[in-house]
Each structure stands twice: as structure tokens, then as C-alpha cells.
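For reference, the structure discussed in these notes is given below.
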DNA sequence: GGGTGTTATCTTTTT
DNA sequence: GATAACACCC
């Protein structure tokens, strides 16, 4: 091997990081605790492959979950080895899938101009299909239908699912078929397709698959703990068993299990890829020892984890603080006062601060408080810019101009602004379309005389004119033309007197045009189509930049992967965090991992707040402090929690002093502590699908006795055989 | 057919 | 508290 000079940055890495960078060949699993420099190890490895081992950058594929993470990774590789890094593909799973499919569209029955249906598009389509199937009214909620679609994508069988009362497996199959057919007619693919279809295309043609593998033999995956079954399938196709696949993850930061991520991917990696190397990164370079102690105290309560240390490299730092507040407004007041005080007296900058919360609804009180104090702030997440109704409407015109068969787009703007195509005419259009696209219905209706026919003719002519714009003008000008020609901008202008939001909506359209202009700057060959794809795959955090110099407000989920000097973790109350649904906490361990993610974002200062009363769903509720507060070692806290709090959370305090059993002990049978999380356990029925964090998913084959959460059951795990387990260690698999 | 007002519903996290 | 579906009136 032609070894070039040993780069100086290699010496700045710790031995484990060096091991990652220098790893020669074969599968590599990196278990990286929070703040352990995993991105550094990842980027240095890529740089090392290129500049020392002489690997062709085009042979490197780095997959992440957000565009922001991908951009940052690429940027850092460029810093290390210069413009050579340009050849590396660093992108999200979805952007990789989209790019792959543009190139190989015919393999999945599409043309390369296919449209991407986002969540909202998917929901609208399902809603229409449900209505057409007579399941429209409350028997099957569209969101439920979407979950079922996603579940079948991950390989589940409708017959094995727990379906809502109004839906038979056969009806679900029909629905799925119609959904698929509608996507086919529309030349559209939904988010799930962007990953599933490439996997299927590769699996279907071994020679093709081998060619792709040879093109990009180096595959690196970040945040591996959040991959789902389909993503794992894609990775299986992209990297052969003994191939150079590197995955980096932290089972303690798995916060998307609710969305189908399977922690089993990371837990079972070594088994699936024999001969793999495992490296643990446990030295933390981000946070003070006090913050790490808090993080460790909380995550240590989880039973289902591989178990990692967080070794501090910094001093103890300031103790972690807990702020008790009277209500949500008081909480906002206290938090913002602390921010403002630190800026005044401690030379802190607004961008040092992050305010985290469990649900988006909590952001408002903080926004109000920040605004009245005149502090610059930025809310990241919530309603995505590209999900705002007016933005989606205008983009729907663009989509329809490019692709007349985009049914969701067509129906969305058929009568927006109002042009005389009401409920009746809309029904006629759909009837005329039959199994074809709604546009076929539009053309059929346009051929009729009468009032509706005339209106529809006008609509068809409008779309033809817009198509002309779309073909001849750059994206920003084409969109400007759409706002004008369609009458959409006029509609908003007319509404300004009556509707105070109309002004904001007009501003949003201006912002859309600006975003399109930015896109033109950034891409060599910017087209309206490429802008639409970027818009569909864009996330809110992609734009976030500490250089904006603002206080950052975001949910804990959005915070993953980021770090801040000073962090406020707010709403630390039972039922809010951990969040309860329908009166019960669904998965405490996942909530706890979320708390762990939040705590470990903080570099220097961490303040947790809780309110005695809080408005929830429009009514004031009395709250008790989160059990997670109790789980922080008292030695890491500035002030001890008051006795009142411990009285209200007595049972939580009691259980929190018991060490969790080791989930990896060799004992075939795991002992049960009745006080521990009893309220979160359930007793699965015979034949029920259940999940175990270590063994994965299985089926209950026998009841072995015991009562309530103590019930012991035998579970058949496809990969591991039959295990006898106490029910409380199992979670139901939603079907 | 369209626009307005009312009611009902449901509130998590998102590539 | 906010939004969406719904009913009613023009």
C-alpha cells in the first residue's frame, strides 16, 4: 500500500479513535457515547482513507439522518483533505435513495422525473382512498392507515397485525394495492419508497447489486441506533457481509423506536456480520463531570442497554440546578431571567443557550417571554417551513406543472384559490378519472359544457400556462410566476383586511422565492424539479446555525447531535416528561434515553425546570416532578429536592435507589423486582408479538405462571430460540 | 358554489 | 389551545 505521510491530526486522537481511523478492512461497529468525538473519528477515517490509503473518494458513501449532519461531515472532511473530498457522497438515507432512484428509475417502474410524496401528501392520498373505500368516516383514521402502510413496508403481514375494528386484513390489502396503484399512476414515491425501492432493486438483480457495491465499497453510517428494518435491508444490499461497512451509534441515544427504528440493528450487528471489529468510545470531551454524572445517573436506570461508561476529561464544573416553578409562565420567566442575567453578568452570548422541551406546544410561553425581553431567539422544528399550507399550495402548482399525473397536487389546488370547482364538480372530476389520475378527470370534465366544465377548462389552461413558465424560467422566477398567474398572491392580498395571518403567508411566499434563488446559487443545474426535491427532503434543523447568534428553542428529538454551552431542560414533570399517552407512559426507557440525549447536549451548565401546575389541553393540571429528576445523583445537584417533592414522588424515589439488573447476565431467567417500573409492565396474551431489547422481536408461546407483571412467559425469538422471560421485560409490538 | 361561524376533536417526537 | 370537519346562510 502506498502510504503517504502520517497526518499530524492523527496524533490528536485518543487510542480508540485512532483504532477507528486506522481500521483496515471488514465490518466495524463503533459504540460511541455522547460527546465522545464520534463525528471526529468518522470524518478522520474518511480523510485517512482518501489522503493516506489513496482510496477514490467516489468509492465512499456516508449516510446520516439529517442534511445538516451530512453537510457538517463533508465540511470537516474537506478541512482535513481538501477538495478531494468532493467526490465523497455524504447525505441522508433519503437523499441517497432519491439520487439512486433518479439514476435507476426504470428498475422501480418510474421515470426519473418522479415526484416525492411527503408525509402530508401520503396522508391526503390515503384519506381519499379510505373515503372511496367507504372507510372514510372515523372507522379508520388516515394517520392510522399510514402507520399500517409503514408497518407493511417494514415487512409485516396484514394478517399478523392488530388492526382497528373497522378494518379487515383483506380490506387493508386492497387499500395497500390501491395506494400503490395511485403512486404508480402519479409517477410518485413516498418517503418510505426512497429507501425500500433501492433495496428491492438491488436485491432483485445480483449482478447490478455487485456493480453498485464495487462502485462504492466504503459505507459509513452515523446514528446507526436509529435505523429501521428497511434501512438495514438497504445496508445489507449496499455492503456485502464481510464488506467495509462502518456503523457508529449509541444504543442509549435510540429515540426513534416509536417510529420503527430497531435497536436490534446495533445490538445484533456482530452476529449478523461475523468477524466484525468493535470499538467503544467512552471518553467524553464535551461536558463537565457534574453533567456526565447526572446523565449517567439517569441512563443507568435503563435495563435494556449494552452499558457504556462516560469518562470525564473535564473538571467537575458547576453543579446541575433544578428550578421549581409555579406554572408554565413562571417557568418561562425564570428561564429567561437566568439567560438574561448570564448575558449581562457572565459574558454569555445568546447562542450559548438552548431551551429544550418534550413537546412543541411548550415552545410558545418561552417565545413570548423571549420576545418581551427583546432577546434574539430561534425556534427550530415544529411546523416545517415547507409544510405551511401556502407554501405547499404554491409548490403543488409547480408539481402539477411538471407532472400532470401528480394527483395529490392536482386535488390540493383544484379550487385554491376558489374558481368555481366546488364539492360537486370535484366529485365529478374524481368520478371521471376512475382509476386514472385526477388529471384525466380534469381533461374529461373540460370537454363537457356547463358551468363546471367551463371552470375546469380554465384550470387546465392555467396549468398549461404554468408548465410553460416552469420550462423556460429559473425556479425562483417560475415560482413567482405561479404566485401571480394562479391568483394565489391576489387571494392573500384580498384577505389581508379580514385575516391577520394573510400578511405572514405572503411573507412566507417571498421567503419561498428567496429559498429558490438560494437553491439556484448552490446548484449548478438548478431546476424547479431539483428545488422540489430539496424542499421535500429538507428539515428545519438543516438551516440552524449557532452563528445566527440566537437562543435556540427545540424539542429534545431535534437536539440530538447538537451541543450547547448552557442547556435548559424544561417541563420536567411526570406525564409530560416522561410523556404519558392515555394516562400511561408508553415506553419509559425511550423517554429516559431522550432525557439522556438532552442532558448530554450541555457542555458547561445544565438547569432542569419543572412547574407545579401546567396548562395541558386547555386545562390547568397539578404536576409532580419527573422521576428523572430523582434519578440524578444528589452529589451532582446544587440544591437537594424538597421533601414535598419527594412525598409526591415517593414511589419513584424508592425505586430509583435500586440498581437495575444486568440484561446481559448469562442467567436464562431474569429475576424480577416488583417495585421497579411495575406500572409500565404488561401481560402479553399467548401468540402476541412482543419485543425484548436484547433478543429482538418474538412471539409469546407459553405462560409459565406468576401474577400481573410478574408473569413469566416463554417467547420464541426467530434468531435466538425460546427464552423464558418475565413479562415486565417485554414491550408490546404494535400491530 | 362559496364563505362564515360553530363545534368537535385531539393534542409527541420526523427522515 | 389550536385546528379541522361540519353546518348554515348568502
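Just so you know, all these numbers are worked out from the coordinates, no wet-lab data involved. Just so you know, these numbers come straight off a predicted model, no measurement behind them. Every residue, glycine as well, gets a Cβ built from its backbone with ideal geometry; the counts of neighbours run over all protein chains shown.
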Handout entry: Estimated FRET transfer efficiency when R0 is 41 angstrom, pair residue A:501-residue A:586 (beta carbons, to 0.05)
Key = 0.75
Completion exercise
Taking Cα atoms only, helix A:501-522 is inclined relative to the longest principal axis of chain A by an angle, in degrees rounded to 10, of 80
Practice task
Only helical DSSP H runs with n ≥ 4 go in: add -39500 (n - 2.57) per run for chain A, normalise by residue count and round the 222 nm mean residue ellipticity to 500 deg cm²/dmol.
Solution key: -13500 deg cm²/dmol
Fill in the blank from the handout: In terms of the alpha carbon gyration tensor, root eigenvalues a ≥ b ≥ c, rounded if a/c is under 1.5 and otherwise prolate when a/b exceeds b/c or oblate, the stretch A:527-590 is oblate
Fill in the blank from the handout: By Cβ neighbour count within 10 Å, fewest first, A:573, A:346, A:367 rank A:346, A:367, A:573
Practice task
Enter the Cα centre distance for the pair the stretch A:502-577 and the stretch A:368-434, rounded to the nearest angstrom.
Solution key: 19
Practice task
Relative to the longest principal axis of the C-alpha atoms of chain A, give the angle of the C-alpha long axis of helix A:328-345, reported between 0 and 90° and rounded to the nearest 10°.
Solution key: 70
Practice task
Using only Cα atoms, locate the centre of the stretch A:327-357 and the centre of the stretch A:71-135, then give the distance between them in Å, rounded to an integer.
Solution key: 38
Handout entry: Whether the stretch A:396-540 is rounded, prolate or oblate, judged on the alpha carbon gyration tensor where a/c under 1.5 counts as rounded
Key = oblate
Practice task
Return the whole-Å distance between the Cα centroid of the stretch A:257-305 and the Cα centroid of the stretch A:43-68.
Solution key: 23
Problem - Rounded tilt (10° steps) of A:142-153 against the dominant C-alpha axis of chain A - result: 70
Handout entry: Rel. contact order, % - alpha carbon contacts under 8 angstrom, at least six apart, chain A
Key = 15
Exercise for the section: With a/c under 1.5 counting as rounded, go ahead and sort chain A into rounded, prolate or oblate using the C-alpha gyration tensor (a ≥ b ≥ c being the square roots of the eigenvalues; past the cut-off, prolate if a/b is larger than b/c, else oblate). Expected result: rounded
Practice task
Could you run the Debye sum over the Cα atoms of the stretch A:58-214, one equal point scatterer each and no solvent, and tell me log10 of I(q)/I(0) at q = 0.16, 0.20 Å⁻¹, two decimals?
Solution key: -0.96, -1.24
Completion exercise
Final fewest-first order of A:454, A:424, A:560, A:392 on the 10 Å Cβ neighbour count is A:424, A:454, A:392, A:560
Handout entry: Theoretical FRET efficiency, 1/(1+(r/R0)^6), r = Cβ-Cβ of residue A:345 and residue A:309, R0 51 Å, to 0.05
Key = 0.90
Practice task
Kindly put A:43, A:527 in sequence by how many other C-beta atoms sit within 10 Å of each C-beta, fewest to most.
Solution key: A:527, A:43
